[in-house]
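Peer 1: Below is a structure I'd like to ask you about.
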Amino acid sequence: MKKLVIFDLDGTLLNTIEDLGHAANFALQRWGFATHTIASYPFFVGNGVKRLMQRVLPEENRDDLTVDALLRDFRTYYDEHCCDYTKPYAGIEDLLADLADQGIQLAVASNKYHSAVEQIIGHYFPDVNWVAVQGQVEGVNVKPDPSIVFSILGKARVAKKDVLYVGDSGIDMETARRACVDSVGVTWGFRPEKELVEYFAGNIVHTPADIFTLATQ
């Protein structure tokens, strides 16, 4: 049995894509740029919101000043509207409760900026006793750099062999590989199963209940 399960946030625990898309489109519209359909956003997200701003802008407008201006407006909007349409994926709340009942520690590792991660986790999972909830902070590299995982391991005080890392993207699978922990790719998130295979997911699951099986076997 594993002692710690680390979850990615967007596309793994919560379907956040509509709120992310609306916030990005708000910022784009403020500065006179073309917006994007919500359906296009799953392939823009994953590397943090600054990278998101770069991707949604035309290539010729991706200079630092423009990106930073959009980022400010994105955060202003998202901080107020991050829970408008976001919702947990079916079965996630039961999964977290079942893992906790087994004495397994739970953590979140996200590339979303830290204050938003705390706000969203507090809103949707107020009763979960997380050992760590960590988002992107200034001066720390985002995933797939494994620093965030190592920080969580220090708080949980568990060995790498006792950890399961769960995410929906190649970025997550690469993060787990670099951290030398077992990986689980979920197929209900933002990226196709093909990407999980290409990034050597240790396991690929189709339901939250499958994660419980892997964590407790």
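Peer 1: Keeping to the range 96-114, report how many residues are assigned to a helix (DSSP H, G or I) and within 12 Å of the chain's Cα centre (by Cα).
Peer 2: Here is the first cut: in the range 96-114, the residues assigned to a helix (DSSP H, G or I) are 96-101, 114.
Filter again for within 12 Å of the chain's Cα centre (by Cα), leaving 114.
Number of matching residues: 1.
Peer 1: Does Val117 fit the bill of being under 30 Å from Ala159 (Cα atoms), modelled with pLDDT of 95 or more and not in a helix (DSSP H, G or I)? Lay out the reasoning, then the answer.
Peer 2: Details: under 30 Å from Ala159 (Cα atoms): yes; modelled with pLDDT of 95 or more: yes; not in a helix (DSSP H, G or I): no.
In short, no.
Peer 1: Right, something else. Would you please name the residue that is surrounded by the most Cβ atoms within 10 Å (Cβ to Cβ), looking only at residues in the range 164-206 that are within 15 Å of the chain's Cα centre (by Cα) and of a type in the set (S, T, N, Q)?
Peer 2: Per the stated criteria, the residue is Ser169.
Peer 1: May I pose another question? When the residues of the range 188-211 are filtered to those that are of a type in the set (Asp, Glu) and in contact with a Gly (Cβ under 7 Å, 6 or more places away or on another chain), which remaining residue is farthest from Gly170 (Cα to Cα)?
Peer 2: First, pick out the residues of the range 188-211 that are of a type in the set (Asp, Glu): 193, 195, 198, 210.
When the remaining residues are screened for being in contact with a Gly (Cβ under 7 Å, 6 or more places away or on another chain), the result is 195, 198.
Values: Glu195: 6, Glu198: 8 Å.
By that ranking, first place goes to Glu198.
Peer 1: Please go through the range 170-191 and pick out each residue that is closer than 21 Å to Ala209 by Cα and in contact with a Phe, Trp or Tyr (Cβ under 6 Å, 6 or more places away or on another chain).
Peer 2: Met173, Ala176, Val181, Ser183, Trp188
Peer 1: Look at the range 4-25 and say how many of its residues are closer than 30 Å to Lys161 by Cβ and outside any strand (DSSP E or B).
Peer 2: 5
Peer 1: Then there's this: Just one of (1) in contact with a helix residue (DSSP H, G or I) (Cβ under 8 Å, 6 or more places away or on another chain); (2) surrounded by fewer than 19 Cβ atoms within 10 Å (Cβ to Cβ) trips up Ala23, so point out which.
Peer 2: Status for Ala23: all satisfied but (2).
Peer 1: Among the residues of the range 87-95, is there at least one that is among the basic types (Lys, Arg), assigned to a strand (DSSP E or B) and surrounded by fewer than 18 Cβ atoms within 10 Å (Cβ to Cβ)?
Peer 2: Step one: list which residues in the range 87-95 are among the basic types (Lys, Arg), which gives 87.
With the extra rule that they be assigned to a strand (DSSP E or B), the set shrinks to 87.
Next, from what is left, pick out any that are surrounded by fewer than 18 Cβ atoms within 10 Å (Cβ to Cβ): 87.
Within the range 87-95, one or more residues are among the basic types (Lys, Arg), assigned to a strand (DSSP E or B) and surrounded by fewer than 18 Cβ atoms within 10 Å (Cβ to Cβ).
Peer 1: Would you point out the residue of the range 26-40, among those that are outside any loop (DSSP other than H, G, I, E, B) and touching a residue at least 40 places away in the same chain (Cβ under 8 Å), that is surrounded by the most Cβ atoms within 10 Å (Cβ to Cβ)? Step through it out loud before you land on a result.
Peer 2: Here is the first cut: in the range 26-40, the ones outside any loop (DSSP other than H, G, I, E, B) are 26-30, 38-40.
With the extra rule that they be touching a residue at least 40 places away in the same chain (Cβ under 8 Å), the set shrinks to 26-28, 30.
Values: Phe26: 17, Ala27: 26, Leu28: 20, Arg30: 15.
Among them, the one singled out is Ala27.
Peer 1: All but one of (1) over 21 Å from the mean Cα position of the chain (by Cα); (2) in a helix (DSSP H, G or I); (3) not basic (Lys, Arg) hold for Met53, so report the exception by its number.
Peer 2: (1)
Peer 1: If you don't mind, another one. So, Val163, is that one in the same structural domain as Ser110 (by TED's automatic domain parsing), under 14 Å from Ser110 (Cβ atoms) and of a type in the set (Val, Ile, Thr) or not? Can you show your working first?
Peer 2: Details: in the same structural domain as Ser110 (by TED's automatic domain parsing): yes; under 14 Å from Ser110 (Cβ atoms): no; of a type in the set (Val, Ile, Thr): yes.
No; evaluated as a whole, the condition is false for this residue.
Peer 1: Quickly run through the range 54-64 and pick out the residues that are touching a residue at least 24 places away in the same chain (Cβ under 8 Å) and either closer than 16 Å to Thr16 by Cβ or basic (Lys, Arg) (or both). Before you say what the answer is, go through the steps one by one.
Peer 2: Narrowing the range 54-64 to residues touching a residue at least 24 places away in the same chain (Cβ under 8 Å): 56-58, 61.
Within the range 54-64, Val56 is the sole residue that qualifies.
Peer 1: Ok, one more. Taking Trp188 and the conditions (1) in a helix (DSSP H, G or I); (2) under 24 Å from Ala39 (Cβ atoms), which numbered condition does it fall short on, given that it satisfies the others?
Peer 2: Failed condition: (1).
Peer 1: So, in the range 166-202, how many residues would count as being free of Cβ contacts under 8 Å to residues at least 40 places away in the same chain and aromatic (Phe, Trp, Tyr)?
Peer 2: 2
The values are calculated or read from the model by the stated rules, or taken from the named source; none is laboratory data. A quick note: this is a predicted structure, and the numbers were derived from the prediction, not measured. Don't worry about glycine lacking a Cβ; one is built from the backbone with ideal geometry, like all the others, and counts go over all protein chains shown.
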